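In what follows, a structure is listed as C-alpha cells, so that the remarks can point back to it.
Read-outs throughout are calculated quantities, based only on the coordinates presented, and are distinct from any laboratory measurement. Everything numeric in this text was worked out from a predicted model, so none of it was measured.
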Amino acid sequence: MHYKMMNEYTVDWPFWNVWATTSEHPYLCAEEDPPLPYLPEELSQKIRQWSRQFNDHFSWETGWPSSDMARAHEEEGRRLHEQVVAALPEDTVDLDYWETSITSR
C-alpha cells in the first residue's frame, strides 16, 4: 500500500490512502485499516500526540504560535515518519508536511 502521513484539521490519525475512503474524509485511513494496526502501540500513541499538538496549536489563520513550536513539531513529524517507514517495510509512506506558517511577531 501507499500511504501519506499528513495532518489535517480535526483528524487524530494522520494517514491517507487514495484507495481507502470514509464518508466524512475521503481517503482518510481508519486506525484499523491494514497494515496500520501493526504499528507498535507506543509509536501509534506518539503519532496521535503529534496530531493532537497540531490540532491544539496550529491556527488555519495564523499558523504556529512560535517558530520554536513549529520547528519542534516538524522535527517530531520527521522522526515519527522514519519510525513508521521502518515499521512498515512492505509499504510506501510519504510525509506531506504542509503546516509551516508561523504567527507574525
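For Leu95, what residues show an amide H to amide H distance below 5 Å, using hydrogens built from the backbone and excluding near sequence neighbours?
Excluding prolines and chain starts, which carry no amide H, the hits are Met5.
Taking amide H atoms as placed 1.01 Å from N in the peptide plane, list the residues 5 or more away in sequence, or in a different chain, whose amide H sits under 5 Å from that of Ser101.
Trp64
HN-Hα J couplings of the range 6-12 from phi, Karplus 6.51/-1.76/1.60, θ = phi - 60°, integer Hz, Gly and Pro as x?
Result, rounded to whole Hz: 8, 6, 8, 4, 6, 9, 9.
When the helices in the chain are scored as -39500 (n - 2.57) per DSSP H run of 4 or longer and the sum is shared across all residues, what 222 nm value do you end up with, to the nearest 500 deg cm²/dmol? Working shown, then result.
Working: 2 runs with 38 residues, N = 105.
The per-residue figure over the chain is -12500 deg cm²/dmol.
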